[in-house]
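Here is the structure we will look at, set down as structure tokens.
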Amino acid sequence: MNPDSTGSLQEEPPPAAEGERRRRWWQSHASRVGGGKSSRFRFLRQGRKLDEEFYDSVLEALLGGDVGLEMAEELVARLRIAARDLRIHDPQEAVRMLEQLMVQRLGERNRGIGGAALPGVIVVVGVNGNGKTTTVGKLAHLLSAQGLSVIVAAADTFRAAAREQLGVWVERSGATMVAHKDGADPGAVVFDALAAAQARHVDIVIVDTAGRLHTKGQLMAELSKIGKVIESKLGRPADEILLVLEAVTGMNAIVQAREFQKALPLTGIVLTKLDGTSKGGMVFAIEEELGIPVKLVGLGEGIEDMQFFDPAGYCQALFQDVQQEDA
């Protein structure tokens, strides 16, 4: 998401300077992917044969990383074909090919964020405890660092101290927050934030939402109401509805996502705490099961520890120990 000469937002590749900044971020955070554990592909040893035992080991490593059975089998099948067609006989070369195949597979999805009209609206949803509010603050910082003006709507008016917690993050990010008193109508908060954004020609409005009401039905109804307020005010739906999930919850994250998916037109996933689990392959499983792209990832607690998801940087991190051994 980048402003062009007219100030509108685009989903095209970032400028060279921003692309380089993202690459440096992934390089500096690579050791955190998978919880800082050694790569599951360190089973390679010089001289090992490219045989059935090798392919079984690849499958086991993929499954151990929570890639998911269907995706793991697909990747191994693709690897077999590539090894045959390219006459690959060295296991380490085969693993390098596997990395390329994983990058290609992830590259099939559109990970752009935002639309052409201003203000762009990003609604962030998720259950309490998944880092939703901190994600909003980190995202505000990430977008502000790109030169975009950001307003954050504090629409979680039900959780005690939610406004204060969000306010700390927003202040650190350099964005502006629109908030009402505790217990206020979340839709009114969103309406006022959109009005302020239109009046000030702000680029982005990020909406923080409640993560838990008395029942699941109440929560989904409240989120749906926020969507209607956005459509009424702007004449169009939100550009993004991003669901925050924790990587440490493993496959349970998919169950959680399906509940939101039933009620909301989710456009992307924010996968937090990818540094807190050894099962770094969760990105593949989530995307395969839900059909929704991972658009942002969190690899730490700091305000700069969130970044747009990059397939190449992610896969390089998964295979970093193998790359070091090759060197």
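For this structure, a couple of remarks:
- Straight-line cross-link partners of Lys216 among the aspartates and glutamates, defined as a Cα under 13 Å from its Cα and at least 8 positions apart when in the same chain: Glu259.
- 3J(HN,Hα) along the stretch 266-274: 4, 10, x, 10, 10, 9, 9, 6, 5 Hz, from the Karplus curve 6.51 cos²θ - 1.76 cosθ + 1.60 with θ = phi - 60°, whole Hz, x for Gly and Pro.
- Listed by chain and number, the aspartates and glutamates whose alpha-carbon sits under 15 Å from that of Lys49, ignoring those within fewer than 8 places in the same chain, are Asp90, Glu93.
- Distances between placed amide hydrogens fall under 5 Å for Ala155 paired with Asp208, all partners being 5 or more residues away or on another chain.
- Residue-normalised accessible area of the stretch 36-169, expressed per residue, 1.4 Å probe, Å²: 43 Å²
- Charged side chains reduced to their Cβ positions (Lys and Arg at +1, Asp and Glu at -1) give the stretch 170-327 a dipole of some 860 debye around its Cα centre.
- You can think of it this way: the chain between Lys228 and Asn252 has 5.7 nm of extra reach, that is 0.36 nm per residue less the Cα-Cα gap.
- A 1.4 Å probe run over the protein chains yields, for the stretch 203-260, 41 Å² of accessible area per residue, whole-number rounding.
- Gyration tensor verdict on the stretch 108-267 (Cα atoms; rounded if a/c is under 1.5, prolate if a/b is larger than b/c, oblate otherwise): rounded
- Under 16 Å from Lys138, Cα to Cα: lysines that are on another chain or at least 8 residues apart: Lys273, Lys295
- Ligands, DNA and RNA left out, the 1.4 Å accessible surface of the stretch 175-327 is 49% carbon and sulfur atoms.
- Residue by residue, the stretch 216-221 carries 3J(HN,Hα) couplings of 4, x, 5, 4, 5, 5 Hz when phi is fed to the Karplus relation 6.51 cos²θ - 1.76 cosθ + 1.60 (θ = phi - 60°); x denotes Gly or Pro.
- Note that the stretch 291-308 has calculated 3J(HN,Hα) couplings of x, 10, x, 7, 10, 9, 9, x, 10, x, 8, x, 5, 9, 8, 10, 8, 4 Hz, one per residue in order, obtained from phi through the Karplus relation 6.51 cos²θ - 1.76 cosθ + 1.60 (θ = phi - 60°); glycine and proline are x.
- Shape of the stretch 116-207 from the C-alpha gyration tensor: oblate (a/c of 1.5 or more and a/b not above b/c, with a ≥ b ≥ c the square roots of its eigenvalues).
- Amide hydrogen neighbours beyond the local backbone of Thr272, cut-off 5 Å, H modeled: Leu245, Glu246, Ala247, Gly298
The values are calculated or read from the model by the stated rules, or taken from the named source; none is laboratory data. Fair warning: this is a prediction, and the values are worked out from it, not measured in the lab. FYI the Cβ positions are ideal-geometry reconstructions off the backbone, even for glycines, and counts take in every protein chain you see. These area figures cover heavy atoms from the full protein model, side chains too; ligands, DNA and RNA do not enter into them. Shrake-Rupley method; radii C 1.70, N 1.55, O 1.52, S 1.80 Å.
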